[in-house]
Every structure is written in structure tokens, then in C-alpha cells.
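Report on one structure; see the data block that follows.
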Amino acid sequence: MSIRLKIIAEVQQVAREQNITLPPLDDDLPLHSTGLDSLGFAILVARLEDELGLDPFTISDEVAFPLTIGDFVRAYENVPA
Amino acid sequence: MSDAHRQVSLTGMASQSWLGGRLAELAGRSVLLALGSQLQSAIALAELDGVARRMLLLPSDISADHLASLVKTAEIDAVVSDNPARWMDDGIETYVASAEPQPASAPIAATRATEWLMLTSGTSGVPKIVSHTLAGLSGAIVADTLAPTSPVWATFYDIRRYGGLQILLRAMIGGGSMVLSDPHEAIADWVARLHAHGVTHISGTPTHWRKLLMSGAAGGFAPRYVRLSGEIADQAILDALKQAFPAASVGHAYASTEAGVGFAVNDGREGFPATMLDGGLDGVDMKIEDGSLRIRSGRIATGYVGAGIAALTDADGFVDSGDMVEIRDGRCHFVGRRGGIINIGGRKVHPEEIEAVINSHPGVRMSRARARKSPITGAVVAADIVLADGQAESSDAVRDGVLAACRAALEPHKVPAVVRFVPSLAVTSAGKLARSDA
């Protein structure tokens with residue numbers, strides 16, 4: 001499964017657990033429109049770290065905090081192997 | 001009194017000496033008890049009480065650096081040891097404890113109230129030393145009503161720490177026999193010894209008990225009194241013990257090295273009735289201040305030993321236990337240690353309150369909640385879970401069930417972000433869940 005698909009699957013899992021109905025997760029969807037709050041994102045980032053072995057937000061201080069779903073996925077895809 | 005290797009007569013000890021006839025030289029001295037076994041330590045402290053000015057009880061896991069500091073703080077001028085080579089260069093007079101007793105020459109009169117020095121089992125760093133009198137240590141023993149037939153006492157604890165010492169004193173003062181634990185012994189062998197000696201009264205931390213229940217070796221052991229202390233006893237462990245030992249009375253006691261023996265709760269429920277705060281029960285006064293339980297009684301330590309340490313009590317003589325308490329429906333619930341609070345994006349949680357919810361799931365034997373760093377909120381809660389043996393559900397089902405239970409019982413920031421299943425959880429030498437964050 002690609003990084004993108006794993007991220008989307010994990011977002012859906014977190015939303016399910018929190019009883020949140022997600023809008024379609026298009027690249028230009030602002031993160032704050034997903035319905036997830038900062039705690040929800042904290043949970044998502046922790047689980048993605050376990051699953052992908054990556055946390056782009058801790059690795060680099062220069063990573064601009066993502067604004068959209070597309071930004072979020074790219075932050076993971078762009079981490080140097 | 002017995003351990004995994006030998007047995008001695010408690011009544012016989014009164015006419016024997018294990019100090020090679022040199023007991024008189026230790027009169028008025030500040031003595032370090034540095035013996036390899038709990039059995040020898042128990043014998044030595046019985047012999048030295050009333051003779052030495054003070055005795056420092058040393059558990060087995062103290063580092064050399066810490067020990068050097070403790071020796072200095074307690075002004076130790078004599079050490080009773082079964083390993084004299086270790087003390088050769090330290091400049092402290094060493095008294096060798098013999099492996100076999102000799103008949104005592106004329107008994108030495110017990111002329112002084114020996115100070116019993118014990119170590120606190122708190123966080124890292126050099127343990128603090130607290131001082132107790134025998135009267136204070138045994139205050140709760142006189143008040144207890146014991147079964148009329150000779151009890152057989154046992155404890156998971158090392159008797160050189162406060163919780164274990166309480167049980168040893170119950171055997172020595174109240175009468176009966178004592179079965180000592182052994183840190184290197186397999187649980188199945190420990191239970192076999194408990195069973196063989198017919199142990200009636202046994203005490204340990206909730207973590208000790210969870211490990212015993214996990215071992216599957218508890219069958220056949222039928223104590224009359226099961227006691228928990230040292231950590232918060234949640235409803236799950238109380239219920240699990242009641243189920244494992246249906247004929248036993250299961251109770252939990254509140255005590256600490258500084259505050260002494262506080263009280264016991266035998267109604268089968270976690271926490272204690274808020275009415276106990278109204279005061280004067282059995283000579284123990286309790287109050288809640290700044291969210292933590294404060295205790296005053298004749299059983300608290302007389303003070304810390306050493307210079308420059310904060311006072312043990314406040315101006316009214318109350319010890320701050322550091323244990324945070326919440327009152328719900330007339331019942332006081334312990335929610336955690338003051339120093340253990342996890343901060344998630346500014347919202348606080350005690351790991352113990354999360355663990356209590358997780359432990360209530362039938363598929364869980366024990367758990368530990370800890371802070372895990374988060375670039376978003378500073379920290380999130382991570383939970384490590386040990387599955388109950390023989391339970392039918394898959395770990396995925398247990399995960400779902402645990403998270404659902406947490407969501408129902410706890411505010412959102414307290415629900416674990418990540419759940420991990422582990423074969424075991426680290427336990428300190430004092431029998432408590434180890435809590436250094438990953």
C-alpha cells in the first residue's frame with residue numbers, strides 16, 4: 001500500500017473511533033475542515049509513526065505545518081529515505 | 001521464619017546470638033545492616049533493637065554511590081555484614097554475622113528506643129532516610145484483631161522496606177510464622193512454598209498480585225487474608241482476587257514509609273469512604289489539601305535523617321502523602337501520584353486513572369499508561385497492555401474494547417492514542433509498576 005493510502009486509511013480509522021463523518025479527503029481539503037481537532041491529529045501522527053516509521057514533524061523544524069490533506073501526505077512522502 | 005533455603009525458630013531467637021558474641025560492642029552505635037538475605041536481616045534487627053542507637057535497613061538493590069551517601073547521612077559507625085571483604089576499605093568497623101546461631105551469653109538489656117531507619121522508595125536519585133520508633137512501627141499491630149489460631153504470614157515485599165517490615169513485625173510481635181519471599185524464585189515455586197507452609201495472611205502490591213494471577217500458578221493456594229498496598233488498588237484487581245480466592249477476605253491498606261500505616265479498607269471496593277476524613281479513626285487524622293491526602297498519627301516517621309531536607313510534616317503535624325484523591329459520591333478515590341501527571345496539550349491526566357479503566361476490561365491482566373511525545377500536543381497517552389491468560393478474544397478485539405471503555409469513561413485527551421500489547425511490564429524492586437517514560 002502506498003504511503004498516501006496508508007495515511008488515508010489511518011485518518012478514516014481515527015475518524016471512526018471519534019464518531020466523525022469525514023468529507024471527501026481531496027488534496028485541497030483544509031485539515032481544519034476534516035472535523036479532526038489537534039488531539040485527533042496528534043493521535044494520527046503517533047499511529048503513522050508506528051506504522052510508517054516516520055514522523056516528519058519531529059524530524060525537521062523546517063517542515064511548514066501542513067494546511068491541506070495534500071500538504072499532509074506530501075510531508076510524509078518527502079521524508080528522505 | 002523461613003525463606004527459600006532455610007528455616008529458623010522465632011521463639012528460639014531470643015536465647016541466641018548471631019553476632020559472634022559481639023552484640024555488646026554495638027550498644028549505642030549507628031549500625032548499617034548490610035546482609036545478603038532477608039532472613040539474616042530479620043534476625044539481626046531483632047537482636048540489635050534496644051541495643052543499637054540506630055539501625056539502617058538496607059534493601060538489596062542500592063547502588064554503591066547511593067550507599068556511600070546514605071552511610072554518611074546516617075552517620076554509620078558500624079556495619080553488620082555477611083560479606084566483610086566488601087567493607088574492608090571503607091573505614092567502618094565491620095561485625096560479621098554468623099551463618100549459625102550460638103547460645104547468647106547473658107542477654108543484653110534493651111536500654112534504648114533504637115531508631116529504625118528505612119529508605120523511601122520514591123523516584124531516582126539517592127533515597128531519603130526516614131526514622132521510625134518500634135512503637136510507631138508496631139502501632140497498627142496492637143490495634144488489629146487477629147484470628148485466634150496461629151497465623152502464617154507472608155509477603156511479596158522485601159522486609160527491609162516498610163511494607164515488608166510491617167508483615168515481619170506482625171509475625172514477630174503478634175505471634176505466628178513468617179514466610180519470606182525470594183526475588184530470584186520462580187512464581188510457581190513461591191506459591192508452592194506458600195501452600196506448603198499453610199500461609200494464612202499475605203500482602204503485596206497490586207502489581208505483585210497481577211503477576212501472580214498471570215502466572216497461572218495460584219491454584220491450590222488458599223490464604224484467609226489477601227492484602228494489597230503500595231499502589232492504587234483498583235476495582236479490577238480487587239474483583240480478580242476475590243474470584244481467585246473466594247474463601248479469602250480481600251482488603252487493601254494505605255501506608256507509606258513516611259506516613260506509616262494509615263488505614264485498611266475491607267469492603268471490597270476501591271478507594272475509601274469519605275467519612276474517614278471526618279477524623280480520629282484509630283488515632284489517625286486525615287485531610288485532603290491541594291488535592292492530596294495528608295495523614296497525621298502516632299505511626300508516622302519521626303522525621304527525615306540528614307541535613308537540608310524539607311520537613312516531613314506541616315505545621316500541624318500532617319505528612320503529605322503525594323497521593324492525589326478525588327471524592328465521588330461519598331467515596332474517596334486515589335487517582336495518582338502528584339509527580340506523575342501527564343500533560344496533553346495543557347490538559348492533565350494521571351496514568352493510574354487510565355489504567356484503572358483499561359484493567360476493568362476482562363481481557364486485560366495489567367496495563368501501563370505513559371506519556372508519548374507528540375509534535376502536535378506535546379504528549380499523547382500510550383498504553384502498554386498485558387493480556388489476561390486464557391481469554392478468548394483476539395488482541396484486536398481487546399484493543400477495540402479497551403478504547404471503547406476508555407472513551408465511555410474518560411475525557412478525550414485521556415483516551416490512549418496508541419495501544420501496544422506486551423508480554424510483561426517492568427516492575428521496581430519495591431513491587432510497583434516502573435514508570436520512566438519511553
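Sorted from largest to smallest, which semi-axis lengths in Å does the alpha carbon gyration tensor of chain A give for its equivalent ellipsoid, taking the root of 5 times each eigenvalue?
Semi-axes (√(5λ), whole Å): 19, 14, 12.
Go through B:Ile376, B:Cys332, B:Ile92 and say which Cα lies farthest out towards the positive end of the charge dipole of chain B; charges sit on Cβ, +1 for Lys and Arg, -1 for Asp and Glu.
Farthest along the dipole direction, towards plus: B:Ile376.
At q = 0.24, 0.29 Å⁻¹, what is the base-10 log of I(q)/I(0) for the range B:390-438 according to the Debye formula with one equal point scatterer per Cα and no solvent? Please give it to two decimals.
-1.01, -1.05
If each of B:Ala247 and B:Ile173 carries a label point 7 Å out from its Cα toward its Cβ, how far apart are those two points in nm?
With each label placed 7 Å out from Cα toward Cβ, I get 3.0 nm.
What order do you get for A:Asp28, B:Asp314 when you list them from fewest to most C-beta neighbours inside 10 Å?
Working: A:Asp28 9, B:Asp314 12.
The most exposed by this proxy come first: A:Asp28, B:Asp314.
Counting only other residues whose beta carbon sits under 11 Å from that of B:Val250, what net charge do I get with K and R as +1, D and E as -1?
Net local charge, B:Val250 excluded: +2.
Residues with beta-carbon under 14 Å from that of A:Val45, excluding A:Val45: net charge, scoring Lys, Arg +1 and Asp, Glu -1?
The answer is -3.
For B:Ile187, B:Ile354, what's the fewest-to-most ordering of other Cβ within 10 Å of each Cβ?
Working: B:Ile187 15, B:Ile354 25.
Result, fewest neighbours first: B:Ile187, B:Ile354.
Arrange the following residues from fewest to most other Cβ atoms within 10 Å of their Cβ: B:Ser17, B:Ser181.
So the residues, fewest neighbours to most, are B:Ser17, B:Ser181.
Can you work out the Karplus-derived ³J(HN,Hα) for every residue in the range B:63-79? Use 6.51 cos²θ - 1.76 cosθ + 1.60 with θ = phi - 60°, whole Hz, and x for glycine or proline.
3J(HN,Hα) across the range B:63-79, in whole Hz: 6, 4, 4, 4, 4, 4, 5, 5, 4, 5, 4, 8, 6, 5, 10, 7, 10.
Can you list the HN-Hα couplings for the range B:356-361, worked out from phi with the Karplus curve (6.51, -1.76, 1.60; θ = phi - 60°), rounded to whole Hz and with x for Gly and Pro?
4, 6, 4, 5, 6, 6
Can you tell me the dipole magnitude for the range B:341-421 around its Cα centre, using point charges on the Cβ only (Lys, Arg +1; Asp, Glu -1), in Debye to the nearest 20?
In total the dipole reaches around 400 debye.
Please list, ordered by chain and number, the residues whose modelled amide H lies under 5 Å from the amide H of B:Phe263; skip anything fewer than 5 residues away on the same chain.
B:Tyr254
Under the Karplus relation 6.51 cos²θ - 1.76 cosθ + 1.60, θ = phi - 60°, what is the ordered set of whole-Hz ³J(HN,Hα) values for the range B:30-44, x standing for Gly and Pro?
9, 9, 9, 8, 10, 10, x, 10, 4, 4, 5, 5, 5, 5, 5
Run through the DSSP bridge list for the protein assembly as shown and note the antiparallel percent, rounded to the nearest 5.
DSSP beta bridges in the protein assembly as shown are roughly 60 percent antiparallel.
To the nearest 20 Debye, how big is the dipole of the range A:3-77 about its Cα centre, given +1 on the beta carbon of each Lys and Arg and -1 on that of each Asp and Glu?
I would put it at about 240 debye.
Within the range A:10-70, list the GluC sites (Glu not before Pro) lying in a DSSP loop whose Cβ has at most 15 other Cβ atoms in a 10 Å radius. Don't skip to the answer; put the middle values down first.
On the way: sites: A:Glu10, A:Glu17, A:Glu49, A:Glu51, A:Glu62; in loops: A:Glu62.
In loop regions of the range A:10-70 (DSSP not H, G, I, E or B), the sparsely surrounded GluC sites (Glu not before Pro) are A:Glu62.
With +1 assigned to the C-beta of every Lys and Arg and -1 to the C-beta of every Asp and Glu, and no other charges, what is the dipole magnitude of chain B about the Cα centre in debye, to the nearest 20?
So the dipole magnitude of chain B works out to roughly 480 debye.
What is the log10 of I(q)/I(0) for the range B:341-421, computed with the Debye formula using one identical point scatterer on each Cα and no solvent, at q = 0.12, 0.16, 0.19, 0.21 Å⁻¹?
So the normalised log intensities work out to -0.30, -0.53, -0.72, -0.86.
How much net charge surrounds B:Gly163 when only other residues with a Cβ under 12 Å from its Cβ are counted (Lys, Arg +1; Asp, Glu -1)?
Details: positive: B:Arg160, B:Arg161, B:Arg170, B:Arg227, B:Lys432; negative: B:Asp158, B:Glu231.
Net of charged neighbours comes to +3.
Inverting the mean 1/r over all pairs of different Cα atoms, compute the Kirkwood radius of the protein assembly as shown and quote it in Å.
Hydrodynamic radius (Kirkwood, Cα only) of the protein assembly as shown equals 25.6 Å.
For B:Gly322, what residues show an amide H to amide H distance below 5 Å, using hydrogens built from the backbone and excluding near sequence neighbours?
B:Leu293
Over the Cα atoms of chain B, each weighted equally, I'd like the Debye log10 I(q)/I(0) at q = 0.10 Å⁻¹, rounded to two decimals.
-0.74
As a check on your grasp of the helix formula, calculate [θ] at 222 nm for chain B: sum -39500 (n - 2.57) over DSSP H runs of n ≥ 4, divide by the residue count, round to the nearest 500.
-6500 deg cm²/dmol
As an exercise, identify the trypsin sites (Lys or Arg not before Pro) in the range B:385-422 lying in DSSP coil whose Cβ has no more than 15 other Cβ atoms within 10 Å.
none
Tell me which GluC sites (Glu not before Pro) from the range B:1-92 have a DSSP coil assignment and no more than 13 other beta carbons within 10 Å of their own.
B:Glu75
Quick one: among B:Ile159, B:Ile376, B:Ile295, which has the greatest mean-square fluctuation in a GNM of chain B with alpha-carbon springs under 10 angstrom?
Fluctuation is largest for B:Ile376.
Rounded to the nearest 10 degrees, what's the angle between the helix B:395-409 long axis and the longest principal axis of chain B, both from Cα atoms, 0 to 90?
Value to nearest ten degrees: 90.
Quick one: work out the % antiparallel among DSSP beta bridges in the range B:1-336, nearest 5.
50 percent
Quick one: compute the contact order of chain B, relative version, from alpha carbon pairs under 8 angstrom and 6+ residues apart, as a percent. Mind dumping the intermediate values first?
Details: 877 pairs, mean separation 49.3, N = 438.
With pairs under 8 Å counted, the relative contact order is 11 percent.
Quick note: the coordinates plus some simple rules give every number you see, no bench work behind them. Just so it is clear, the model here is predicted, and its values are computed rather than measured. So basically every Cβ, Gly included, is an ideal-geometry build from the backbone, and we count neighbours across all protein chains shown.
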